[in-house]
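The values are calculated or read from the model by the stated rules, or taken from the named source; none is laboratory data. This structure is a prediction, so every number in the text was calculated from the model and none was measured. Virtual Cβ from ideal backbone geometry, glycine too; neighbours counted across all protein chains shown. Note: accessible area is taken over every heavy atom of the protein model, side chains too, but ligands, DNA and RNA are not part of it. Shrake-Rupley method; radii C 1.70, N 1.55, O 1.52, S 1.80 Å.
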Amino acid sequence: MTTSASPSGHIEMYTNTVRRLRTIGCDRLDWLAHNPDGKSGHELNQLIPEINDIELDNQPAKASPSDTLHVAAWNLERGRHWRDAVKLFQQHPRLRRVDILCLSEMDDGMARSQNEHTPRELALALGMNYVYGVEFLQLSLGTPQEQAEVAGTNSRGYHGNAILSRFPLQSPSLLRLPGIEKWYGSFEHRLGGRLALFADIQLGDRTITIVSTHLESGETETEKRAQEGQLILAAIATYYGDRSVIVCGDLNSRPNAPVINHFRAAGFLVEETNDLTRSTYQLIENGLIQPGNFHIDYVMARGFQVAEAAKSAVIMAAYPCEPTGKMLSDHAIVTTTLQLA
């Protein structure tokens, strides 16, 4: 673990990598859930260092990047439909070219997703390397609806972000964002907290940093998301300098939100790398998959240009990829093609 101070305050990055995240035993999970000593969520987080490890597997893919990158971001909503996601990525003409895929809301050992390691299963099926970081340690079966629908117990209780890559992933690190007070003891009852997951790839003699993140949810959390974005930008400034960077994920923010403007002000492309006219939230209405009214998922890039005109797109998350298909998430997929500037 590396600790450093920046002009924006204390920035702590976790860097310990493992082949497989450690499991927190049932007795500890029960103690954390019931909290007999009345500790705060922040205090409890200090007692579970396992969630600050980063799972890394560079076995599947050894491709050498060119100067063009096909990048996608997707909130896969628990990852429970990863098998159909594999089919979608293998068959869709845009998605089968994806080099970098940043994922949000991916379960590892949750009963609601059959206790599978969803990012690992998806990565291996696509022949991609991956890093995975734990956003939340779930102390229940999930949301009230999931608790009512799901039987059994969680084998691990992990829920987090991932980066999948056709190229070796180097120097992964994890920035944990503040705000567990909202979630410990809430309707989902969980520890951990929002995060940004960093990893590098090599493009020739250039090192490129990829960031997968998932910012706070809720209509009233605009200021919190702006603070989270500023922390991510401070970490980039502290540890990565003026390097070319790609930031992807579910930012829970519309295009004119303060957090998006912070990234624009820091030199990140937004309009060029996203089709902001399309909603990334999707829902089922009258038996058909329909776009909602919110563009909240992004690929943002600094030090790049869009490789081809009109190549940033929002792709329906369904298999088959049509309104009558099976909806794989309440978020669509955002994708763009980048070249080094």
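Observations, loosely collected:
- Residue match in segment 147-170 (condition: open to solvent by less than 10 Å² (accessible area, probe 1.4 Å), in contact with a helix residue (DSSP H, G or I) (Cβ under 9 Å, 6 or more places away or on another chain), farther than 23 Å from R80 by Cα and of a type in the set (S, T, N, Q)): no
- Close pairs from segment 314-341: first at negative phi and at pLDDT 95 or above, partner surrounded by fewer than 21 Cβ atoms within 10 Å (Cβ to Cβ) and among the aromatic types (F, W, Y), Cβ under 8 Å, at least 6 apart: G325/Y319; K326/Y319; L328/Y319; D330/Y281; H331/Y281; A332/Y281
- Scan of segment 87-140 for residues that are within 20 Å of I180 (Cα to Cα) and among the small types (G, A, S), ordered by number: S104, G133, S140
- Test: R206 is over 25 Å from S186 (Cα atoms) and open to solvent by 10 Å² or more (accessible area, probe 1.4 Å): yes
- Number of positions in segment 125-182 that are part of a loop (DSSP other than H, G, I, E, B), under 28 Å from A33 (Cβ atoms) and touching a Phe, Trp or Tyr at 6+ places or on another chain (Cβ under 9 Å): 4
- Tally, over segment 35-82, of residues that are buried (at least 19 other Cβ atoms within 10 Å of the Cβ), part of a loop (DSSP other than H, G, I, E, B) and at pLDDT 95 or above: 4
- Residue-level check: of (1) open to solvent by 40 Å² or more (accessible area, probe 1.4 Å); (2) in contact with a strand residue (DSSP E or B) (Cβ under 8 Å, 6 or more places away or on another chain); (3) modelled with pLDDT under 95, E188 misses just (1).
- Residue list for segment 5-34, filter: modelled with pLDDT under 95, assigned to a strand (DSSP E or B) and surrounded by 11 or more Cβ atoms within 10 Å (Cβ to Cβ): S6, I11, E12
- For segment 253-341, the strands (runs of 3 or more DSSP E) that sit wholly inside it and include 1 or more residues that are open to solvent by 40 Å² or more (accessible area, probe 1.4 Å) are 282-285, 288-291, 297-302, 304-306, 333-340.
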